[in-house]
Amino acid sequence: MTREIGSEFHRVLPDIGHGLSYPISGSLVFSGRTAIETVLKEIVGARKAILPSYCCDSMIQPFRDAGIEVEFYSVYFENGLKIEIDIPRNVDIILWCNYFGFKMSMPDLSEFHGVIIEDITHSLFSESPYHPQSHYLVASLRKWEPINCGGYCSNVNGKIYYEPTKFPPLEFVKLKMAAMELKKEYLLDLDKEKKLRFLSMFGESNHWLAENYSGLSIDPRSKEYLSTVDIKKQRRIRRRNAEVLYEGLKEKAQFLFPIEDMDCPLFVPILLHNRNETRKVLSSEQIYCPVHWPKPDGCVSNLYDQELSLICDQRYKEEDMERIVSVLKPLL
């Protein structure tokens, strides 16, 4: 049978390196949502925030849970990624988001006298992961690695005072570990029953994480994994895999970013008018490419219906990228 590409991470031991280095000393928490929640506790009296119109609902929810009104600034594609920030006078917080590990410039926000939070989830492995105008940094760590959970937050100019110290429940950790272990077994024998089981287990753990993110820290196993993993090796693999995708698809694909802007890609995003149909064909070939993101309420951007994230992570080799090209190219 064909080798599966994409979907959830399976359990692996890390290639030993110097571990994940963080741009600013901060706190390791349960998830990206927890990171945003933790930072919002540091900001006294905030009533209104402006977020990118192209984002994940998990980025919005902590603001709403904190009782902070949310508006959106425009992010869309028109001969390249366009970002237009028009800041109402009563806004206390701007959330800036980097996309997919490609180089992006933050506009001059020197006239804004509120707080700038930068979500560096996608730029975490980049050479320059954040912008100097930012006051706080947040990130989800589990997008990059096979860990049970993980988020990061920091104060660029100080420390985090409201750091969560409570570990996630052992039942959650065991469920996530069992799901990753079962997927590892499935990849060896391709037993369909195992696939149904691990998909159900991942679904259950992800649902729990989304509903119970508040006030939790990262679990010890995930923290240990991140402290030993070989990030330099993973950067090389991701960059080379992305280069294979760009080279193989350059004549036909509409890339969200030019290859010259690539730093360390989380995915390689392309735009398709028939995205959903194309994604189904890829899935039939066991190539599981996610979309970013399901459209949250109140957000308007043409990217939600057109973006497809091509897999390029450290689990895969150049021949896997060539298989993606061979299946996808005739569909473009």
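The values are calculated or read from the model by the stated rules, or taken from the named source; none is laboratory data. Computed from a predicted structure; not experimentally measured. Cβ coordinates were reconstructed from backbone atoms using ideal geometry, including for glycine residues, and neighbour counts include every protein chain displayed. These area figures cover heavy atoms from the full protein model, side chains too; ligands, DNA and RNA do not enter into them. Shrake-Rupley method; radii C 1.70, N 1.55, O 1.52, S 1.80 Å.
Rounded, prolate or oblate: which fits region 189-332, taking a ≥ b ≥ c as square roots of the Cα gyration tensor eigenvalues, rounded meaning a/c under 1.5, else prolate when a/b beats b/c? Mind dumping the intermediate values first?
On the way: a/c = 1.45, a/b = 1.29, b/c = 1.12.
It comes out rounded by the Cα gyration axes.
Could I have the simple spin-label model distance between LYS159 and GLU318, label points 7 Å from Cα toward Cβ, reported in nm to one decimal?
Placing both labels 7 Å along Cα→Cβ, they lie 4.8 nm apart.
For the chain, what is the accessible area per residue in Å², given a 1.4 Å probe and the full set of protein chains?
Values: 15510 Å² over 332 residues.
I get 47 Å² per residue for this part.
Using a/c under 1.5 as the rounded threshold, could you call region 226-289 rounded, prolate or oblate? The axes a ≥ b ≥ c are square roots of the C-alpha gyration tensor eigenvalues, and prolate needs a/b larger than b/c, oblate otherwise. Before the final figure, lay out the partial values.
On the way: a/c = 2.53, a/b = 1.52, b/c = 1.66.
Cα axes put region 226-289 in the oblate bin.
Can you put SER200, SER31 in order of accessible area, largest first, using a 1.4 Å probe?
Numbers: SER200 75, SER31 5 Å².
Sorted by accessible area, descending: SER200, SER31.
Ordering VAL70, VAL44, VAL29 by how much accessible area each has at a 1.4 Å probe, largest first, what is the list?
Numbers: VAL70 30, VAL44 140, VAL29 0 Å².
Result of the area sort, largest leading: VAL44, VAL70, VAL29.
Between ASP57 and ASN79, how high is the FRET efficiency from 1/(1 + (r/R0)^6) when r is the Cβ-Cβ distance and R₀ = 25 Å? Nearest 0.05. Show your work: numbers first, answer last.
Working: r = 28 Å, r/R0 = 1.12.
Taking R0 as 25 Å, the efficiency between ASP57 and ASN79 is 0.35.
Which value in deg cm²/dmol, rounded to the nearest 500, describes the helix-derived mean residue ellipticity at 222 nm for the chain, given -39,500 (n - 2.57) per DSSP H run of n ≥ 4 and division by the residue count?
On the way: 9 runs with 113 residues, N = 332.
Calculated from helices alone, the mean residue ellipticity at 222 nm is -10500 deg cm²/dmol.
At 0.36 nm per residue, and after removing the present C-alpha to C-alpha distance, how many nm does the segment from LYS295 to GLU204 gain when stretched out fully? Write down the numbers at each step before the final one.
Values: separation 91, 0.36 × 91 = 32.76 nm, distance 2.13 nm.
This chain segment gains 30.6 nm when fully extended.
Which residues in region 56-72 place their backbone N less than 19 Å from a point set 7 Å from the Cα of ASP86 along the Cα-to-Cβ direction?
The answer is 70-72, whose backbone nitrogens lie closer than 19 Å to the label point.
Relative contact order for region 265-332 using alpha-carbon pairs under 8 Å, separation at least 6, rounded to a whole percent?
On the way: 69 pairs, mean separation 30.2, N = 68.
Rounded, it is 44 percent for region 265-332.
What relative contact order, as a whole-number percentage, does the chain give when Cα pairs under 8 Å and 6 or more residues apart are counted?
26
At 1.4 Å probe size, put ILE93, ILE43 in order of accessible surface, largest to smallest. Could you put the intermediate results ahead of the total?
On the way: ILE93 0, ILE43 25 Å².
Correct descending sequence by accessible area is ILE43, ILE93.
Once the piece of chain linking GLU277 and LYS192 is laid out straight, how much longer is it, given 0.36 nm per residue of separation minus the C-alpha distance between them?
Details: separation 85, 0.36 × 85 = 30.60 nm, distance 2.38 nm.
Here the segment from GLU277 to LYS192 would lengthen by 28.2 nm.
If you roll a 1.4 angstrom probe over the protein chains with everything in place, what fraction of the accessible area of region 11-73 belongs to carbon and sulfur, to the nearest %?
Of all accessible area on region 11-73, carbon and sulfur atoms account for 49 percent.
With the crude spin-label approximation of a point 7 Å out along Cα→Cβ, what separation in nm comes out for SER227 versus ASP261?
The modelled label-to-label distance comes out at 3.8 nm.
Residue-wise, which Karplus ³J(HN,Hα) couplings in Hz belong to region 250-256, taking 6.51 cos²θ - 1.76 cosθ + 1.60, θ = phi - 60°, and x for glycine or proline?
Per-residue couplings from phi come out as 4, 7, 10, 7, 9, 7, 5 Hz.
How long is the gain from ASP108 to GLU247 if the chain were fully straight, where each residue apart is worth 0.36 nm and the alpha carbon distance is subtracted?
Value of the extension gain: 46.6 nm.
Dipole size in debye (nearest 20) for region 1-159 around its Cα centre, Lys and Arg Cβ +1, Asp and Glu Cβ -1?
On the way: 13 positive and 19 negative charges, 70 e Å.
Dipole about the Cα centre, nearest 20: 340 debye.
Which of (i) 5, 25, 35, 26, 8, 1; (ii) 6, 26, 32, 23, 11, 2, 0; (iii) 5, 17, 21, 24, 21, 10, 2, 0 is the computed P(r) over Cα pairs in 10 Å bins from 0, in percent for the structure on display?
Matching entry in (i) 5, 25, 35, 26, 8, 1; (ii) 6, 26, 32, 23, 11, 2, 0; (iii) 5, 17, 21, 24, 21, 10, 2, 0: (i).
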